[in-house]
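Asker: Sharing a structure, written as C-alpha cells. Questions coming.
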Amino acid sequence: MPSNPAPSSKKRKRDDPSHESLSFELDLPSSTGTTASGPLLGTFPALQAPKDTPFKCYGRKKAKKDKDDDGGKYERTLVVGEASAVEFISNEEESKRAADSGCSYLLAVRDPRTSTIKILPSPKTPYILTRTVKALKSILPADAPSTLAYGEARTALGETFGTKKAKAAIRAQERNRVDVSAMQGVMQHVVDGIDIKAEGLLTKASCVEEAKDLANSSRLVPPFSATATEPGDIYPLNDIIPDAEMKALNILPIEQNLKHNDHVGMLFWKHCKWVNDHLKRVGQEEEKSKARKRKLKMLLYVSVMFLFRRVISHPKGLDKDSIIEKMSNVPTVVVDGLLSRFTETTRGSSVHILTSSMSTKFMAYLLALCLRVDDFVSNPKTLADDLSLSVTNVQAAYRSLGCKLKTLSDRERANRGLSDTLADTKFAVLTAPVQFPKVRTGKKKA
C-alpha cells in the first residue's frame with residue numbers, strides 16, 4: 001500500500017501569525033474642521049443592492065439655534081442610490097422609527113493597505129432603503145376598485161372558498177337586493193304622486209299658526225282679540241255680558257239709594273266686599289255720566305254672578321225651575337243666559353250642573369268683568385276673600401286671562417287712590433297685546 005506523504009514543512013499563509021497583524025485605533029475627528037459625515041449604515045429589505053451601486057447623501061441644514069453640541073449641522077439626511085435597473089432611497093419615517101427603537105451600531109473601517117481597523121467615534125442608526133424599479137415608473141398606478149367591483153369580487157371569493165354559512169348569507173343577500181334599473185321607468189311617476197299629495201300638506205309656519213289657533217279656541221276665557229292694542233279691546237264687554245242681558249238690568253233703584261248711601265239692600269248678592277267698595281266710589285262720580293251707568297250695570301251683573309255661583313254650587317245640581325225660584329229677583333233672560341253659558345246637563349235630564357270646566361270658564365268671565373271695572377288692574381286678594389278661594393287660585397285664574405302679576409309703583413298707587421299699605425301686594429295687570437302663559441311640557445324635577 002502506498003505510504004502517507006510526509007507532512008509539508010511549509011505552513012499556509014493564513015496559519016502564519018507573522019504574515020499579517022491587525023491594529024485597532026479610534027478614528028478621531030479631523031482638526032481641519034471638515035464636516036464629512038463618514039460611513040453610513042443602510043439596510044435593503046428584500047433586495048440587495050449591487051456592490052458597484054453608487055450612493056449619495058443629502059441633508060438639510062439646521063438652524064443655528066438648533067445645532068447639537070456634537071457639531072451636527074443636518075436635521076434631516078437622505079440617502080439615494082441608483083443601479084442600472086433599480087433606484088434606492090431612504091424612507092425617512094421608517095428610518096426614524098428604527099432610530100427611536102434604541103438600537104444603534106458602532107462601525108469600524110478596515111484599511112487593507114495599513115492593516116488598520118479604525119473605529120468610528122459615534123454610533124450609527126441604519127437607514128431603511130426602499131426600491132423603485134425604473135421600468136415600472138412610467139406605468140400609472142391602478143385606480144382603487146369601485147364599491148360595486150369590490151362587492152362582486154368578494155361575492156365570487158365567498159362562493160368559491162366560503163363556508164356553507166357564508167354561501168347561504170350571500171344567496172340571501174342576492175335575493176333581498178333591489179334591482180334599481182327596474183325602477184327607472186316608474187320613479188318619475190312616484191315623484192309626481194308625492195308632489196300631488198304634498199300640495200295639501202301644511203307648511204311649518206302654517207302648522208304653528210294652526211296649533212296656536214287651536215290652543216286659543218280651547219281656552220276657557222271670554223272671546224278675545226289677540227291683535228288688540230288697548231286693554232279694553234281685548235275682551236269686549238258685549239262678549240262678557242250679552243246686550244239683551246245688559247238691557248234687562250235695572251240700575252234705577254241703586255242710583256236712587258246711592259244718594260242716601262243705602263245701596264247694599266238693592267244688590268242681588270249683598271255679601272261681596274269688592275262690589276260694595278266699588279259702589280261707594282261710583283257714588284262719588286257724576287250722576288248722569290254714561291261711564292257711571294255702565295259701571296253700575298257691570299257691578300250689578302257681578303253681584304248676579306256671585307248669587308248664581310252660590311245657587312248652582314249644589315253638589316247634585318238643580319233644575320231650571322229651582323234655580324229661577326232661588327233667583328226670583330233676577331231677570332229671567334239673565335238667568336237663562338248664565339245657565340246656557342256656564343252649566344251642563346246630562347242626556348235625558350234637566351238638572352244643571354256646574355262642572356269643573358264650566359267653573360273655570362265662569363271664573364274667567366267673572367274676573368274679566370272685574371278687570372274692566374278696575375280699569376284692568378285688580379287686587380286678587382280682595383276677590384279671593386269674597387270667593388272663599390286661596391289667593392294662589394285666583395292669581396292663576398288671572399294669569400289664564402293673560403294678566404301679569406306685579407307690584408305697583410308709588411305713582412301708580414297714588415293715581416288709583418290706593419293705600420300705601422298695598423305697596424307689597426301683587427296686582428293682576430292686563431296689557432295689550434295679550435300674552436297667554438305658555439304650556440309647560442317638561443317633566444317636573446324630583
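The values are calculated or read from the model by the stated rules, or taken from the named source; none is laboratory data. None of these values were measured; they are calculated from a predicted model. Glycine also receives a Cβ, built like all others from the backbone with ideal geometry; neighbour counts cover every protein chain displayed. What goes into the accessible areas is simple: the full protein's heavy atoms, side chains included, and nothing from ligands, DNA or RNA. Shrake-Rupley method; radii C 1.70, N 1.55, O 1.52, S 1.80 Å.
Asker: Just to be sure I understand the filter: pairs with C-beta atoms under 6 Å, separated by 6 or more residues or on different chains, first member in region 32-57 and under 22 Å from LYS96 (Cβ atoms) and open to solvent by 50 Å² or more (accessible area, probe 1.4 Å), second member at pLDDT 80 or above and among the small types (Gly, Ala, Ser). Which pairs pass?
Answerer: Close Cβ pairs satisfying both conditions: PHE55/GLY81.
Asker: For region 401-416, which residues satisfy the criterion of being without any contact (Cβ under 8 Å) to a residue 24 or more places away in the chain and assigned to a loop (DSSP other than H, G, I, E, B)?
Answerer: Within region 401-416, THR407, SER409 meet the criteria.
Asker: I would also like to ask the following. Considering every residue within region 267-285, establish whether at least one is part of a loop (DSSP other than H, G, I, E, B), crowded, with 21+ Cβ neighbours inside 10 Å and modelled with pLDDT of 80 or more.
Answerer: yes
Asker: Sticking with this structure for a sec: Restricting to region 211-238, give me the number of residues that are open to solvent by 60 Å² or more (accessible area, probe 1.4 Å) and under 17 Å from VAL334 (Cα atoms).
Answerer: Number of matching residues: 1.
Asker: Also: Might you check whether a residue that is more than 22 Å from PHE55 (Cβ to Cβ) and touching a strand residue (DSSP E or B) at 6+ places or on another chain (Cβ under 6 Å) occurs anywhere in region 101-116?
Answerer: yes
Asker: Now a separate question. Take the residues in region 131-178 that are modelled with pLDDT of 85 or more, outside any helix (DSSP H, G or I) and of a type outside the set (S, T, N, Q), then tell me which one is farthest from VAL79 (Cα to Cα).
Answerer: So, considering only residues that are modelled with pLDDT of 85 or more, outside any helix (DSSP H, G or I) and of a type outside the set (S, T, N, Q), the one farthest from VAL79 (Cα to Cα) is GLY162.
Asker: For region 311-354, give me each residue that is among the β-branched types (Val, Ile, Thr), assigned to a loop (DSSP other than H, G, I, E, B) and at pLDDT 90 or above.
Answerer: Selection gives VAL330, THR343.
Asker: Does any residue of region 354-377 turn out to be open to solvent by 10 Å² or more (accessible area, probe 1.4 Å), among the β-branched types (Val, Ile, Thr) and touching an Asp or Glu at 6+ places or on another chain (Cβ under 6 Å)?
Answerer: Yes: region 354-377 contains one or more residues that are open to solvent by 10 Å² or more (accessible area, probe 1.4 Å), among the β-branched types (Val, Ile, Thr) and touching an Asp or Glu at 6+ places or on another chain (Cβ under 6 Å).
Asker: Something else about it: Can you pull out the residues in region 239-257 that are closer than 20 Å to ASP375 by Cβ and open to solvent by less than 50 Å² (accessible area, probe 1.4 Å)? Let's see the steps before the verdict.
Answerer: First pass over region 239-257, keeping only residues closer than 20 Å to ASP375 by Cβ: 239-241, 246, 251.
ILE240, ILE241, MET246, ILE251, listed by residue number.
Asker: Moving on to the next point. Looking at SER90, is it farther than 18 Å from CYS57 by Cα, at pLDDT 85 or above and not basic (Lys, Arg)?
Answerer: no
Asker: Among the residues that make up region 385-400, is at least one of them within 28 Å of ALA226 (Cα to Cα), in a strand (DSSP E or B) and either at pLDDT 90 or above or in contact with a His (Cβ under 9 Å, 6 or more places away or on another chain) (or both)?
Answerer: Let us first name the residues in region 385-400 that are within 28 Å of ALA226 (Cα to Cα), namely 391-400.
Still in the running and in a strand (DSSP E or B): none.
No, the conditions are met nowhere in region 385-400.
Asker: Ok, one more. Going residue by residue through region 79-98, is there one that turns out to be touching a Cys at 6+ places or on another chain (Cβ under 7 Å), part of a strand (DSSP E or B) and either of a type outside the set (Asp, Glu) or open to solvent by 90 Å² or more (accessible area, probe 1.4 Å) (or both)?
Answerer: Yes; the residues of region 79-98 include at least one that is touching a Cys at 6+ places or on another chain (Cβ under 7 Å), part of a strand (DSSP E or B) and either of a type outside the set (Asp, Glu) or open to solvent by 90 Å² or more (accessible area, probe 1.4 Å) (or both).
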